[in-house]
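Below: the structure, in structure tokens.
The values are calculated or read from the model by the stated rules, or taken from the named source; none is laboratory data. Keep in mind the model is a prediction, meaning the values are calculated, not measured. All Cβ positions, glycine included, derive from the backbone under ideal geometry; neighbour counts span all protein chains shown.
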Amino acid sequence: MAHQPHNRLNDLADRSANGTSTNGKHAEDITAAMAQLRRDLDRDVRGISRQAHQATNWESYVKKFPVAAIGIAAVVGYCLVPPRRERQYVASPEVVKQLAREGKLNINAGPTPPGRPSMAKQAVLAVGTVAARALMAYAGKRVGELMSTDQGQPVPDE
């Protein structure tokens, strides 16, 4: 921290230990140094608290790095969208016979479709969906603010 009241307090303590006189204001000097130390400490704690809040607030990162946030959202969205599957039809034996007679039956044996996604994949999908919606809401709000400031009308915050 940039403040030096601690050194001043140490100097006063050294003078007291050496018996150096401070014109009878020794106690007042210590009291003033302690008061300054408390003020500096209070200001430093508020600054650290503000920095910690900003570091844990995802909106501050989106404001600082909007292009990176959009890129990350696009990558997450791309990863979360499942690949297209071929349509599968379930037909009764009569329909199969009818299609076979007409020469329209085409059977492709492929891998069996996967079962239900795991809990981890479902959790990632849920978190990604929430993050994508929050990012889109923020982007819409920012675009609205930019458009309204161009027209000279401020947008009220929620």
State which residue is modelled with the highest pLDDT when the search covers only the range 90-103 and only residues that are under 54 Å from the mean Cα position of the chain (by Cα) and surrounded by fewer than 11 Cβ atoms within 10 Å (Cβ to Cβ).
92
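Of all the residues that make up the range 104-147, how many are of a type in the set (Val, Ile, Thr) and surrounded by 11 or more Cβ atoms within 10 Å (Cβ to Cβ)?
Number satisfying all stated conditions: 3.
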